[in-house]
Structures are given as structure tokens and as C-alpha cells.
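First comes the structure, then the notes that go with it.
The values are calculated or read from the model by the stated rules, or taken from the named source; none is laboratory data. Values in this document were obtained by computation on a predicted structure and should not be read as measured data. A quick note on method: Cβ atoms are made from the backbone with ideal geometry, for glycine too, and the neighbour counts reach across all protein chains shown. The accessibility values were calculated without ligands, DNA or RNA, using every heavy atom of the protein model including side chains. Shrake-Rupley method; radii C 1.70, N 1.55, O 1.52, S 1.80 Å.
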Number of protein chains: 2
Amino acid sequence: MSKEEALSTALELLENRKYSELRTILIDMEPIDIALLCEGLPEEKLPVVYRILPKELAAETFVELDAELQELLIKSFSDKELNEVLRELYLDDTVDIIEEMPASVVRRILNTSSPEDRAAINELLKYPTDSAGSIMTTEYISLKGSMTVAEAFDRIRATGVDKETIYTCYVTDDNRRLTGVVTVKELLLNQYTEHIGSIMDDNVLCAATGEDKESVAEKFKRYDLLALPVVDNENRLVGIITVDDAIDVLTEETTEDIEKMAAITPSDKPYLKTGAFVIFAKRIPWLLLLMISATFTGGIIGSFESALAVLPVLTAFIPMLMDTGGNSGSQASVTVIRGLALGEIRPADFLRVVWKEMRVAALCGITLAAATFGKILLVDRLIMGNETVSVLVAFTVSLTLAITVLAAKLVGCMLPLAAKCLHFDPAVMASPFITTIVDAISLLVYFAIASSLLL
Amino acid sequence: MSKEEALSTALELLENRKYSELRTILIDMEPIDIALLCEGLPEEKLPVVYRILPKELAAETFVELDAELQELLIKSFSDKELNEVLRELYLDDTVDIIEEMPASVVRRILNTSSPEDRAAINELLKYPTDSAGSIMTTEYISLKGSMTVAEAFDRIRATGVDKETIYTCYVTDDNRRLTGVVTVKELLLNQYTEHIGSIMDDNVLCAATGEDKESVAEKFKRYDLLALPVVDNENRLVGIITVDDAIDVLTEETTEDIEKMAAITPSDKPYLKTGAFVIFAKRIPWLLLLMISATFTGGIIGSFESALAVLPVLTAFIPMLMDTGGNSGSQASVTVIRGLALGEIRPADFLRVVWKEMRVAALCGITLAAATFGKILLVDRLIMGNETVSVLVAFTVSLTLAITVLAAKLVGCMLPLAAKCLHFDPAVMASPFITTIVDAISLLVYFAIASSLLL
């Protein structure tokens, strides 16, 4: 059953108040799919559908809903209902929800939570956005080194139901300092009488609360982790991050990089939910900045106006030179930016990258110049019969093209690397920025060569 | 200890043949970090370092090495050593390695494997690249519905050590058909006497062997999975995919999208390991194609040569108009391409997207036009004293700019959506492609307005 079909079936069953049939369909769906279905429903139907769901599925669906729909639902809840939902949620999800809600709703959530949850939520809310602390949860299983495997299983059975993951357990000493990690796999493959202290891995990968969440996500990818403990500056265990949240961070950061590469200030809201004015505000500063830069390119043309007046055919090649230069430069810059983001290229590789791009540029430049030389003489001169397009004009354009491609590739690979060395974000040094610089270079080269060869 | 320090320490210990000290350092490192260290070593030292490592760590490090170093090591192995390494590897890793090796090495690997492994490897090698089958492993834990929880734990204890994940177990009937899934968490939270059939989830998310691996990776992200079963077309369980492989696919696919957006044919090798000629071959077809398209833009200028000769100042605004149009268009196209990739925008949203971009374009167009109008009159006319820049010229340029921005945003959002509807890859409709189209539009608009207002 496709999503559209599911939605129309659900709507029909709702209209006809066939709630038990609706329940049967919903129960077999994944929470995220029910949430997407809810987003298509008329607002007043939402609480009805929500109350049809079994408690646990309802809470899981609640997490996946849009902030607006969550707010709508919370306002329709009695305090008792709100408390039931909150009890089913993981703390990190509750914190995510709180961050999107207006103050009045936040107050209600905090008032309805148990005192321990309230304390934990307030603690989590303190960590800066983008820090490891902001995406961690405090619901993990902690063991002691002196426990046996059997005791560890007892503890997991007793407390596991509320924990976000039970598969990695953390071993702490009496001061809550992280001393080791043990997986349920290791517990299962050892004797019940074995002590945790002797089977745990005491060489633990962990993150600091203030560590950037992007670097945390990279650790998950690099070390194939399912969970990562988070410690404070005295190495006390304060929370864990699970792989699903790390995947979300990776996706978010990539979107940000792509947006920056297209000269857009990153936004964390989906496109269709963002108002036109907000989108405008994220795009216009860059457009203005790049437009002002482009007027300098115009100035170069302006100062060669008299040369162009003598040989107007030169103007016709300007778009091709600018576009090809821009495209060559952005190929290099985007490759290097992505390589830096994936850790495949490091600032120390500066010279290797430049040397490689020089060779690529030489190959590209010669090929493009040869193609252009042939095309100009064959098409423009012979077929179109444009007599002003002399062999010398074709040579001027081709030579300019080759030099432009070389310059574009060098600028394109060097600027992101330089940005990285200076601890700026390399993603900003992508196509639009490179294009503007390369445009100016290509025109200067063009007019310099034309002046000495043709005029 | 930083990577550079670790490498120089390791080299020093190697030189002085202090192998036991070296071992102490290496033992506490993660396999991927040891692999990176090995890549910095002189080739002849590699087998020495490798033999220092404990067997399991050695195998884990082997998986993380470059194909070239793996080949080097395999060639230095005796058949017995090779067999030991292969026994420690997961089957999907062995298959990945085989795919990179020359035929002679492949033959040795297959000859050294056990008959069962050889059969499984040959089976896995049959699946097309980019299919779910190509990234799955056949090492999973399967249970029967009639088993009790206690029996399930016995089975996990007996066979778990060789399985890539034990946390999700798959329940099959006598014909190997997938009937349910049960997690170790559920096993731990239920009584030992409970039957698997009564606690398993029989509503199983799964992938087909031929399913595209990108769509598989999206399922991991969407449903927060740790593992996903893969079934053949008779619903028989043939393998599983784990979350670490799904993360790799997500990263790979994003890199491909970014490369396509920058008009580069995607490559699956890291930049620094790719030869200059290969990089050239991935870039030049697009540069040539876009260069040829750009000559049409040149043709437009050519056909207005006489108009430009009358009012040469018009030429100076061409780069600004082309660049701003290109940037406006790529902002829209990149936003829509990423939205489509993340599933935030669907082809059915066509009209919503167009309507939103029209409003954004109106805001951007008016702002940019006003800024340009003011700038031309203030800077070009008053400060620079260029008398040929009349109010009418400023108006012509500003009006062209506003129309160009509108056209650029519409082309930018509509082409990726149209590509998606026609089942082409939207990522190709990014900046370079949009820029070429928008260049032509902006010049046509410019000369049409200039002809009617100024000449």
C-alpha cells in the first residue's frame, strides 16, 4: 500500500468512524510512517488518530511528528496524558521537543515530569547547541567492575526497558568515573561467574560534553560504533550518544556543507516548512556580496571598452571563457572541499593536491583549447563565414582558455585548503566564490593577450 | 599522542627492533588508526608490524587497509597465514577485498577458504554492484519460532562469536522463509521459558537482494535500524546488512551527489589515490559539453554586436548579470536537489516549490535590482563620472536583473523536479547546467530590453 493510498484509506475510515479497523492498519506501520500520515490529516482529526494508537506506539509516533503538530497535541492533552507520553519518551527526545516549544508548553512539560527527569532535562538543556552534550541521553546502563556477568544481566533485566541502548554497557568507579566498556555480546559469550572488570575493555573511546557534534559523528563513522559515552572534564560519565542520532548529525552537516557551497546560509528546517521570507534572508546576503564582487569584473571590461570597440568579435567569447573557467574551478574546489570533509585530504597534503590539480589542469586546458581552436576556425570562420575571426583571434581565445583553466583549478584547490589551514569553513570556498575570482582572472588574461597579439 | 607522533614513535621502535614496546602501543589503538599508521610505513616494514599484532586485531586492521597494502600483505602470507586471516574476517569484508584484488590473488583466497565460505563468497559475488545483495553478509543469527528464550541464548552463545551482529536475530520457518525478528533486548526482558514465536515481531522491515543500496541506506536512516534482513524473491532470508555499512553507503551516495552537482563524473576512489589522468577523464566530458553550450550564449552577444557598438557601456554589466543569475539559479537548484535527496520534497510538491521560489525570487529580484540601480547611479555616474551611464541605462540593467533572478530561480527549481519526475538523477541539474541556461536567458532579456528602451 503506497503512502497516498494509506492516507486516503485512513481518512475514509476516520470519516466513517471505523476506529478499530483504522487501529489494525496503524498498528502494523512504523512510527515515522504514521507521523507522515498524521501530517496529511486535517488538524482536528489528529488527537482522534493519536488516541487510537497503543501507548508505546503513540509515544514513538509523537517523537517523529513536526513541532507544530506536537504543540497542537500537547495542548489537547490532559496533564495525566502528557505525563504518560513523557514517561514513554527517551530524555534526549524530550529535550529536543522542549527546544522547539513556546515557553508556556515548556513550563507544562517540566511541571508534569518527575523531579528526577526534570533535573536531568534541565541539565541537558544547558549544553550548547552543536555540542556532544546537546545530543546525548542520560539513559544508559552502568555497571561496576566488581559485578559478575550474571549480576550484570540482572541489572540489565531490571533497568534495561527504559534505556536507549542496552547493547553497550559502561563501567564506572565509585566516583562515576568511566573505567571501561563491555558489550552484551561479550557478556553473552562469557561465563556467568566471570567478573566485569576482567572482561571489559578499559581503552574506551569517548567524547567530551563540549566536543563538536560533527566530530562525534565522524567517530561513529570511523570506528563503526553503535554508541559512544560522553564524559565531563573530570572523566565522569554523564551520558551516551547512540548511532541513530549520529546518522542524523552526519546528514545535517552534509546538508549544511552543500548549502554553503551553493552560497546559502544553512537552515535547519525542511524547505517546504520554511517561509519565503526566511529563505530570502538566507540567500540575499550572498547574492549581494557576489554581485558587488562581479561589478569589479564588469569594471575590467569597462576599462577595455576601446579595445572591444576595435574588435567587437572578442566580446562574443567572454561568456564561454567565464563559464568554462568557473566550471573548471568549481570542479577542483568541490572535490577538495568534500575530500577535506571526509578526512581524505588534510591541510598537510597541500602540495600533493596542488601538483595533482596542475597536471589535471594541463590536460583539461590543452584539450579544451584544442577543441575551441578547431571549433572557432571551422564553425565561426568557415561555416558562419565571419571574416573578423582570424587565426590569431582563435589563437588568442584558445590560449586564454588554457591559462584560465590552469588558474581556475589552482585557485579552486588552494582556497579551500587555505581556508582549512586558517580554521575557516572550506565549504564557503565553493563554486560561487571561485567563479567570481576566476571571472576576473580570465578577463584580465584575455585582454592582456588580445592587446599584445591583436591590437 | 597525535597521529604524526604515533607514526614517528612506531618508526623509531621499528628501527630499533623494540617489537614488544611497539606491540604495547599498537594493542591500545583502534584498527582504523593502525591501518592509517601502516599506510605511512615503508612497504618492507608492513609485514613486520602486521605480525606483531594479536590475531584478531591483525584481521581487523587488515580490513581497514588500502587495497594495495592488502595485496602486498597477502603476497607475503603463507597459505596457513592467509587462512587464519580469512577465518577472522566477516564474509562481506572478504568479498569487498576480493573485488579489489587481481585474479591470481582471488584464486589464492578462494583456494584457501573453507568449502562453505567459498560457496558463500561466490554467492555474494554474484549480486550486482549497488544492490542490497552486494553489501550484505551471510553471517547472522537465525532462530526458530518454537525455541524458548533460554534455547535462543544457548544458540547465540554457541554461534554468536562469528556473527556480525547478535543484537537482532531473525526467525525463519522450515523453508528458510523470514517470519519474524527478535532483538536481544526483548530476549533479555522476557522469561527464559517464553517462546520466540510469541515475543517476536512478525511485521518485519526487509530489503530485496536486488534493491538499490541507496534505498536500503535510507531505510536505516528513516527507521533508526541497527540491521536489516535481506530476502530473495521467495521471501527466504539470504543475508543481513548492518548499520556501519549503511553509513558508508550514505556517505558514498552523498559524495556522488556532490560530485554530480559540480559536473564531475562520480568516482569511488579517494582523491589522493586517483591518478591525474583518471580525474581528467571524469571532468573533461562535462567541461566540453558545458563549453559548447556556452558558445550559444556567445552567439547571442555576437548577434547584438551592432547594438553593443552603439552603446559599449552595456558590455560592462554582462558579467554581473550572468553571475548573479547563475548564483540565484544554483541556490534554488541545490536546495531542491538536496530536498529531493532527503525525501523532504517529492515530485508531487511541484507547484508548492514553484510558488515558494517565485515569492523568494520576487524578494531577491527587487532587492538586487534596487541595489544595482542605486549603485550604478551613485558609483558609475556620480563618483566615476561616466556620462554614458544614464538613468535609462541603470533602469535597463536593474529591470534585466530582476527578470533574470526570477527566471533563474524558476529554472533552478523546476529542472531538478522535472528530472526526478522523468526518473533522471536530479543532481545533474545543479549549478553548472543551470548557469549555462540562465546565462542565455539573461542576455536575451538584456538585449531585448536594451533594444526597446535605449536604441
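General remarks:
- Exactly one residue out of A:Val278, A:Val310, A:Val238 is more than 30 Å from B:Ala263 (Cβ to Cβ), open to solvent by 50 Å² or more (accessible area, probe 1.4 Å) and more than 8 Å from chain B (Cβ to nearest Cβ): that is A:Val310.
- Qualifying helices (runs of 4 or more DSSP H) (wholly inside region B:339-455; at least 2 residues being within 18 Å of B:Leu311 (Cβ to Cβ), in contact (Cβ under 8 Å) with a residue 24 or more places away in the chain and open to solvent by 30 Å² or more (accessible area, probe 1.4 Å)): B:391-421, B:431-454
- Matching entry among B:Leu143, B:Leu178, B:Leu189 (being of a type in the set (A, V, I, L, M) and modelled with pLDDT under 90): B:Leu189
- Subset of region B:246-275 that is facing chain A (nearest Cβ under 9 Å), charged (D, E, K, R) and within 14 Å of the chain's Cα centre (by Cα) - its residue that is most open to solvent (accessible area, probe 1.4 Å): B:Asp248
- Qualifying residues in region B:29-54 (those that are of a type in the set (Val, Ile, Thr) and over 18 Å from A:Tyr223 (Cβ atoms)) - the one least open to solvent (accessible area, probe 1.4 Å): B:Val49
- Hits in region B:122-137 (condition: modelled with pLDDT of 85 or more and open to solvent by less than 50 Å² (accessible area, probe 1.4 Å)): B:Tyr127, B:Ser131, B:Ala132, B:Gly133, B:Ser134, B:Ile135, B:Met136, B:Thr137
- Test: residue in region A:55-72 that is modelled with pLDDT of 85 or more, out of contact with any helix residue (DSSP H, G or I) (no Cβ under 7 Å at 6 or more places or on another chain), open to solvent by 50 Å² or more (accessible area, probe 1.4 Å) and more than 25 Å from B:Ile345 (Cβ to Cβ): no
- If you check A:Gly302, A:Gly325 for being part of a helix (DSSP H, G or I) and within 7 Å of another protein chain (Cβ to nearest Cβ), only one passes: A:Gly302.
- Residue list for region A:3-28, filter: under 23 Å from B:Val204 (Cβ atoms) and open to solvent by less than 40 Å² (accessible area, probe 1.4 Å): A:Ala6, A:Ala10, A:Leu22, A:Leu26
- Hits in region A:209-224 (condition: buried (at least 21 other Cβ atoms within 10 Å of the Cβ) and within 13 Å of chain B (Cβ to nearest Cβ)): A:Ala217, A:Phe220
- Meets criteria (touching a helix residue (DSSP H, G or I) at 6+ places or on another chain (Cβ under 8 Å), among the small types (Gly, Ala, Ser) and open to solvent by 10 Å² or more (accessible area, probe 1.4 Å)) for B:Ala332: no
- Only one of A:Leu110, A:Leu178 that is more than 14 Å from chain B (Cβ to nearest Cβ), of a type in the set (A, V, I, L, M) and in contact with a Pro (Cβ under 7 Å, 6 or more places away or on another chain): A:Leu178
- Taken over region B:166-208, the criterion of being open to solvent by less than 30 Å² (accessible area, probe 1.4 Å) and among the hydroxyl-bearing types (Ser, Thr, Tyr) is satisfied by B:Tyr167, B:Thr168, B:Tyr170, B:Thr172.
- Region B:287-296 - residue that is open to solvent by 20 Å² or more (accessible area, probe 1.4 Å) and facing chain A (nearest Cβ under 7 Å) and, of those, farthest from A:Arg352 (Cα to Cα): B:Thr295
- The one condition in (1) surrounded by fewer than 18 Cβ atoms within 10 Å (Cβ to Cβ); (2) among the polar types (S, T, N, Q); (3) within 27 Å of the chain's Cα centre (by Cα) that B:Asn233 fails to fulfil: (3)
- The set of residues in region A:297-307 being free of Cβ contacts under 8 Å to residues at least 12 places away in the same chain and open to solvent by 50 Å² or more (accessible area, probe 1.4 Å) consists of A:Ser303, A:Glu305, A:Ser306.
- Candidate set from region A:140-165 (those that are over 14 Å from A:Leu187 (Cα atoms) and open to solvent by less than 30 Å² (accessible area, probe 1.4 Å)); member that is farthest from the other protein chains (Cβ to nearest Cβ): A:Thr165
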